[in-house]
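Encoded as structure tokens, the structure appears first; notes follow it.
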Amino acid sequence: MLSIADMPTREVMVNGAKKRTPELNLLAHWFKEHTAGADICVIEKVHAMPKQGVTSSFNFGFNAGVVQGMAYAFG
């Protein structure tokens, strides 16, 4: 069985600006429901893009790390 999902996020206010951040509880629930008995988990290898801002690159890398951490935690 193949399962694909968008990253669950929530909107928060940071310094007066709206920002999207990973919703860890929903992501953990997805991993729990979809990885039981899985033989393999494939996560796209990501990297910063040219002319992407430093903050955007950091946030993108952080979110990729969150997914990798969840995959590790759920085996």
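Where a number appears in this text, it was derived from the coordinates with a stated rule and is not lab data. All of these numbers come straight from a predicted model, not from anything done at the bench. Note: ideal-geometry Cβ built from the backbone for every residue, glycine included; neighbour counts use all protein chains shown.
At what distance in nm do the modelled label points of Glu11 and Phe58 sit from each other, each positioned 7 Å from its Cα along Cα→Cβ?
2.4
Using DSSP loop states and a limit of at most 16 other Cβ atoms within 10 Å to flag trypsin sites (Lys or Arg not before Pro), what is the longest stretch of the chain containing no flagged site?
Of all site-free stretches, the longest is 1-44.
For a quick check of your reading of the filter: which GluC sites (Glu not before Pro) in the chain sit in a DSSP loop and have no more than 15 other Cβ atoms within 10 Å?
Here the sparse-neighbourhood loop sites are Glu23, Glu44.
Dimensions of the chain along principal axes (Cα, Å, largest first)?
Ordered largest first, the chain gives principal extents of 42, 27, 19 Å.
Relative to the first principal axis of the alpha-carbon coordinates of the chain, what is the inclination of helix 24-34, with its axis defined by its Cα atoms, in degrees from 0 to 90 and to the nearest 10?
Helix 24-34 and the main axis of the chain meet at about 30 degrees.
Hey, which aspartates and glutamates would be in cross-link range of Lys19, C-alpha to C-alpha under 19 Å, not counting anything within fewer than 8 residues on its own chain?
Asp6, Glu11
Evaluate the relative contact order of the chain (contact order divided by residue number), counting alpha-carbon pairs under 8 angstrom at least 6 apart; express in whole percent.
It rounds to 25 percent for the chain.
Multiply the residue separation of Met49 and Ala71 by 0.36 nm, subtract the distance between their alpha-carbon atoms, and state the gained length in nm to one decimal.
The span from Met49 to Ala71 would gain 5.5 nm if fully extended.
Positive end of the dipole of the chain, charges at C-beta (+1 Lys, Arg; -1 Asp, Glu), about the Cα centre: which of Gln68, Ala17, Cys41 has its Cα farthest in that direction?
After comparing all options, I get Ala17.
With θ taken as phi - 60° and the coefficients 6.51, -1.76 and 1.60, list the Karplus ³J(HN,Hα) couplings across the range 7-14 in order, rounded to whole Hz; mark glycine and proline as x.
Computed from phi, the couplings for the range 7-14 are 5, x, 10, 9, 9, 10, 9, 10 Hz.
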